[in-house]
Protein chains: 2
Amino acid sequence: MPEQKPVRARTPPKPSDLRILSKVNHMLESYVESLDDRSQKVVQFKSPEEIAKIFSEKACDLSLNDGQPVGEEAILNACEATLALSVRTGHPHFFNQLIGRADVTGIAGEALVAATNGSAYTYEVAPVFLLIEQELMNKTFDLVGFSRDTAEGLTVPGGSISNLYALQTARYYKFPQVKTEGLFAVGGQPVAYCSEEAHYSYTKAALVVGLGSNNMVKIPTDFRGRMRADILEKRVAEDLKAGKKPFFVGATAGTTVMGAFDDVEALRSVCDKFGLWLHVDGAWGGAVLLSSKYKKTLLSGVEKADSFCWNPHKMVGAPLQCSIFTHNRGHGLLQACNGTCANYLFQKDKNYASYDKGDWTIQCGRKPDAFKTWLAWKRLGDDGIRQRVEYGISLARYAANSMRESSVESSNRFKGSFVLYRDPEYANVCFWYLPPSLSHLKPLEGLNAENAVKLTKVTPYIKDKMQREGLAMITFTGLYNFFRWTFTSPRNVSYDDVDIVMGEIDRIGQDFVSSA
Amino acid sequence: MPEQKPVRARTPPKPSDLRILSKVNHMLESYVESLDDRSQKVVQFKSPEEIAKIFSEKACDLSLNDGQPVGEEAILNACEATLALSVRTGHPHFFNQLIGRADVTGIAGEALVAATNGSAYTYEVAPVFLLIEQELMNKTFDLVGFSRDTAEGLTVPGGSISNLYALQTARYYKFPQVKTEGLFAVGGQPVAYCSEEAHYSYTKAALVVGLGSNNMVKIPTDFRGRMRADILEKRVAEDLKAGKKPFFVGATAGTTVMGAFDDVEALRSVCDKFGLWLHVDGAWGGAVLLSSKYKKTLLSGVEKADSFCWNPHKMVGAPLQCSIFTHNRGHGLLQACNGTCANYLFQKDKNYASYDKGDWTIQCGRKPDAFKTWLAWKRLGDDGIRQRVEYGISLARYAANSMRESSVESSNRFKGSFVLYRDPEYANVCFWYLPPSLSHLKPLEGLNAENAVKLTKVTPYIKDKMQREGLAMITFTGLYNFFRWTFTSPRNVSYDDVDIVMGEIDRIGQDFVSSA
């Protein structure tokens, strides 16, 4: 049907929208500047109902039910409330996750990406972002020891997706027929392996790709949290004997809880023996690549891995999220594994189509996550990142040392005492706090049922109080709920902060028995 | 080993880093304000070598090889160069992809998320972002017609990953044993279906989950680009007879190339007959939910789908990326399908743990993509989004109408003529430009080999020239390389812009024969 003569004209950006952007930017600059302020709480702890009420009072309901547009003031109020009520992950006493304060230059880079609204699939649409992504890959190849002639890489949305890529790439490499025919074409159950202390994303990846979680076999670890290569070898041999199809070993450089590093050399030997793909998940520990001091001891042999990933959004401080997946098994492998050659997007007769990366991925539109990391890296330099990493490790050692001292009888510093679950190798410190009433317990030697129940309650009790008072955030897990304290954004943490936080744990925890 | 007495103090944000943030923010505000400026080129087309040279000259090499930190000025230079050399997806004449100008309020929201560096896994760490995500889900449920009592949803990194979630959820729903035992436990080849015109991510999802691309069966379409329900029914029956295990139909609301909408009612009947999961991929066309006028004709029956996804980063203008995956098959399904209950993160004895969503996902850290969309939605209101969608459709109809008129003999407006590949239903216009020398061709009736070769060269020729001159960007695909013109960010496009771009195509294309 013919259209009426049009009357509607274009709508350029509204001045009030531009004003919102400018005002929010000012708000964010003050926010970032204030992150060092220790008088601020790490979190203003509120219930969902309280948060909803605060937004309502600011004329900007959380709910979108009524569908009414709101004015400039309400939008600014909502942004202020969001900043006020969100956890200050950049606070010096936020130790809860493997993310922390975002690098300021990285924040600027992320804002730039949002303003350009680019998508990293084709050179045509994202020339600068794709070239910069490749430079970030090249740097990673060089640091890992992969050859630029055989390695490929991508930024992907998070470490879990990186591990999924690894499993997917390895599966294709070993069983290329799976791409078109599916898993049944393998003619036997494919099996993969990781350690008991590996990140849960290995299991999730196994369920996604159709192996099933039981076929991501968890291999026991040694006293330092490393996958037992001897047990792996035995298990692979058994699985082969049973007609299964082992193909993948997922190692870890920096486990989530303990910060343990698998012995890549030992695992490589097993993988070579059976023709298995060796992936190293360096999401957390990969930053050690920048420290020649620790790389030698913690990442020895990493260049022999088939694939490697790491998350600059963790120790390097890029804003969430930037995860880098790389492999060293030949150019063209990612295209072969994931490509479907959609001809509306990846036309071969376009300019510089050889720079396109979209068809290497399992996404289509892809946020250009490399830019913010690249910008932060340019600003920090290799040495700036090295300092972060080494200082993070040094803070963990300082905390561990203070804890060891706390259990010496002559120490009067704390009412209770701190017991290390394991000596830290990286920037994780896992420990229990024993209130005076439980100071006699030796959790590492095992506890009777009654004491186990008691100790298991201590950490959540302390954590809850610290959270409600907004003092600090440290997560807990595992045996009798030990604390896991991680130094992810060390630049803004001082040794004094470690002392202060330990003091607070002692102050809150010493009353445990009477209040629990 | 005991640590030396520490001497290193904390490093608060550097004043020069804060200055970088402030200066980049100013740069971005000017950039966003300038997006309406039609005198700017859509792209300053450069080769990779030219881009590298420009960065070098600005003292900020693309390469990270030397690892040296650079100063404030070089960082600002690099940001300026990136803005100058990146494609202006917010330019009124950028029609190349299903992304366009990002909503200004949405950009502010994205910057806020980067500054807080939150991760949407737990209430503990992201209380506001999780509550807001749920409100965006609730709004989606209401618009689709899903019940809040049975529907669940998540923001995920892109429409392709949404379709992967759909396939994954459906597989678990039908074959729960796959989660632990893997695909072999199904006891037969699982099969899924989508249309020939569906997005390639259905195929990618099929390879990821281990079905194999051949088991994402492509069903032919009718003259309006809709999956043929009768052929689907026949094919499913055949596959069942052959011992296969059909379980999933992936419908499309707004196909990528044509903007066609599958007939959900008809597909629902087939799915009911065989007990198949019906997913509707509304990545592109889902925005029609906001227009009661078009919802009736294009999305009729969508509430009967088992799952539905859409991308506010397309027609709604949220900055890349925000994709919403929802299903209507009961609370707890996503946790059951994807959960692994990692106890370092999803402790049940934490405050408000029932609000945690991290274990529903296949990621771990997850960028809080809902916030920017929510903020933009609050600003625009339902009616603001409705206007965008309806105006986008109206621009497409206006363009199509001008093209129809161009082929009328009495029209003198153009030297060549425009031929529609198909009448637009949504905001996509697919067409060929016929230069005067080829005006006699009737591509819809088929061409001989010689003319096919000729016509196939016309579109890339025009596109290349437009790109080099920075005039406009429109992608091409399919039969004889037709143009696909999409109106993704209609707010800033006028009817005059449509006329201007058609005029440019005619100006460039009319010389085709002599230059080719």
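The values are calculated or read from the model by the stated rules, or taken from the named source; none is laboratory data. Note that the coordinates shown come from a computational prediction; the quantities given were computed from them, not determined experimentally. Virtual Cβ from ideal backbone geometry, glycine too; neighbours counted across all protein chains shown.
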- Residue check, B:Ala78 against (1) of a type in the set (A, V, I, L, M); (2) without any contact (Cβ under 8 Å) to a residue 24 or more places away in the chain; (3) closer than 29 Å to A:Met137 by Cβ; (4) assigned to a loop (DSSP other than H, G, I, E, B), all met but one. Which one? (4)
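Can you tell me how many residues in the stretch A:168-181 are at the interface with chain B (Cβ under 7 Å from one of its Cβ atoms) and in contact (Cβ under 8 Å) with a residue 24 or more places away in the chain? Even if it seems obvious, please write down each step before you answer.
Keep residues of the stretch A:168-181 that are at the interface with chain B (Cβ under 7 Å from one of its Cβ atoms), which gives A:168, A:178-181.
Next cut, in contact (Cβ under 8 Å) with a residue 24 or more places away in the chain only: A:168, A:179.
Residues in the stretch A:168-181 being at the interface with chain B (Cβ under 7 Å from one of its Cβ atoms) and in contact (Cβ under 8 Å) with a residue 24 or more places away in the chain: 2 in total.
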- How many residues are within 22 Å of A:Gly210 (Cα to Cα) and within 22 Å of the chain's Cα centre (by Cα) if we restrict to the stretch B:200-232? 13
- Message: Tell me the residue from A:Ser63, A:Ser34, A:Ser30 that is facing chain B (nearest Cβ under 8 Å) and either among the small types (Gly, Ala, Ser) or farther than 22 Å from B:Ala353 by Cβ (or both), please.
- Response: A:Ser63
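Yes/no per residue for (1) closer than 22 Å to B:Arg329 by Cβ; (2) assigned to a loop (DSSP other than H, G, I, E, B):
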residue	(1), (2)
B:Asp239	no, no
B:Thr255	no, yes
B:Asp272	yes, no
B:Leu278	yes, no
- Query: Within the stretch A:281-319, how many residues are part of a helix (DSSP H, G or I), basic (Lys, Arg) and under 20 Å from A:Tyr202 (Cβ atoms)?
  - Reply: 1
- Message: Restricting to the stretch A:350-398, give me the number of residues that are among the polar types (S, T, N, Q), more than 7 Å from every other protein chain (Cβ to nearest Cβ) and crowded, with 22+ Cβ neighbours inside 10 Å.
- Response: 2
- Item | Subset of the stretch A:414-438 (residues that are more than 30 Å from A:Lys46 (Cβ to Cβ) and part of a strand (DSSP E or B)) | A:Ser417, A:Phe418, A:Val419, A:Leu420, A:Tyr421, A:Arg422, A:Leu434
- Task: Can you tell me which residue among A:Ala242, A:Ala237, A:Ala205 is assigned by the TED database to the domain that holds A:Met315, modelled with pLDDT of 95 or more and crowded, with 24+ Cβ neighbours inside 10 Å?
- Result: A:Ala205
- Filter result (surrounded by fewer than 24 Cβ atoms within 10 Å (Cβ to Cβ) and either of a type in the set (S, T, N, Q) or within 10 Å of chain B (Cβ to nearest Cβ) (or both)) within the stretch A:138-167: A:Asn138, A:Lys139, A:Thr140, A:Asp142, A:Leu143, A:Ser147, A:Thr150
- Message: Of everything in the stretch B:330-349, what is in contact with a helix residue (DSSP H, G or I) (Cβ under 6 Å, 6 or more places away or on another chain) and more than 10 Å from every other protein chain (Cβ to nearest Cβ)? Give them in sequence order.
- Response: B:Leu334, B:Gln335
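Can you say whether B:Lys234 is among the basic types (Lys, Arg) and under 16 Å from A:Phe184 (Cβ atoms), as far as the supplied structure shows? So that I can check it myself, show each step before the final result.
On the way: among the basic types (Lys, Arg): yes; under 16 Å from A:Phe184 (Cβ atoms): no.
Taking the combined requirement at face value, the residue does not satisfy it.
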- Of the residues in the stretch B:462-476, those that are of a type outside the set (A, V, I, L, M, F, W, C), under 19 Å from B:Ser417 (Cα atoms) and surrounded by 19 or more Cβ atoms within 10 Å (Cβ to Cβ) number 2
- Message: Any residue in the stretch A:290-305 that is in the same structural domain as A:Asp262 (by the TED database) and under 19 Å from A:His279 (Cα atoms) sitting within a Cβ distance under 7 Å of a residue that is part of a helix (DSSP H, G or I) and of a type in the set (Gly, Ala, Ser)? List the pairs, counting only those 6 or more apart or interchain.
- Response: A:Leu298/A:Gly285
- For the stretch A:19-56 the number of residues that are farther than 24 Å from A:His91 by Cα and at pLDDT below 95 is 0
- Conditions (1) in contact (Cβ under 8 Å) with a residue 40 or more places away in the chain; (2) over 22 Å from B:Ala206 (Cβ atoms); (3) part of a loop (DSSP other than H, G, I, E, B) -> B:Cys341 fails only (1)
- Query: For the stretch A:208-237, how many residues meet the condition of being in a loop (DSSP other than H, G, I, E, B) and of a type in the set (A, V, I, L, M)?
  - Reply: 2
- Query: On the given criteria, is A:Leu112 facing chain B (nearest Cβ under 8 Å), out of contact with any strand residue (DSSP E or B) (no Cβ under 9 Å at 6 or more places or on another chain) and buried (at least 24 other Cβ atoms within 10 Å of the Cβ)?
  - Reply: yes
- Message: So for the stretch A:123-132 (the condition being more than 8 Å from every other protein chain (Cβ to nearest Cβ), acidic (Asp, Glu) and in contact with an Asp or Glu (Cβ under 9 Å, 6 or more places away or on another chain)), does at least one residue qualify?
- Response: no
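Residues checked against (1) more than 7 Å from every other protein chain (Cβ to nearest Cβ); (2) within 19 Å of A:Glu80 (Cα to Cα):
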residue: B:Gly90; (1), (2): no, no
residue: B:Phe95; (1), (2): yes, no
residue: B:Leu98; (1), (2): yes, no
residue: B:Glu135; (1), (2): no, yes
- Query: For the stretch B:39-72, which residues satisfy the criterion of being closer than 26 Å to A:Asn351 by Cα, assigned to a loop (DSSP other than H, G, I, E, B) and over 25 Å from the mean Cα position of the chain (by Cα)?
  - Reply: B:Ser39, B:Gln40, B:Lys46, B:Ser47, B:Lys58, B:Cys60, B:Asp61, B:Leu62, B:Ser63, B:Leu64
- Hey, among the residues in the stretch A:228-287 that are among the acidic types (Asp, Glu) and in contact (Cβ under 8 Å) with a residue 12 or more places away in the chain, which one's farthest from A:Asp306 (Cα to Cα)? A:Asp239
- Residues located in the stretch A:136-163, provided they are free of Cβ contacts under 8 Å to residues at least 40 places away in the same chain and more than 21 Å from A:Ala120 (Cβ to Cβ): A:Asp142
- Quick check: anything in the stretch B:72-87 crowded, with 24+ Cβ neighbours inside 10 Å, farther than 18 Å from A:Glu135 by Cβ, in contact with a strand residue (DSSP E or B) (Cβ under 9 Å, 6 or more places away or on another chain) and facing chain A (nearest Cβ under 7 Å)? yes
- Query: Out of the stretch A:212-239, which residues are touching a Pro at 6+ places or on another chain (Cβ under 6 Å) and closer than 28 Å to B:Phe175 by Cα?
  - Reply: A:Val236, A:Asp239
- Out of A:Asn328, A:Asn343, which single residue is of a type in the set (S, T, N, Q) and modelled with pLDDT of 95 or more? A:Asn328
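At least 3 residues that are within 20 Å of A:Cys322 (Cα to Cα) in each: list the helices (runs of 4 or more DSSP H) lying fully within the stretch B:91-183 that qualify.
Correct list: B:104-116, B:159-174.
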- Item | Sole exception among (1) more than 10 Å from chain B (Cβ to nearest Cβ); (2) surrounded by fewer than 22 Cβ atoms within 10 Å (Cβ to Cβ); (3) hydroxyl-bearing (Ser, Thr, Tyr) for A:Tyr193, by number | (2)
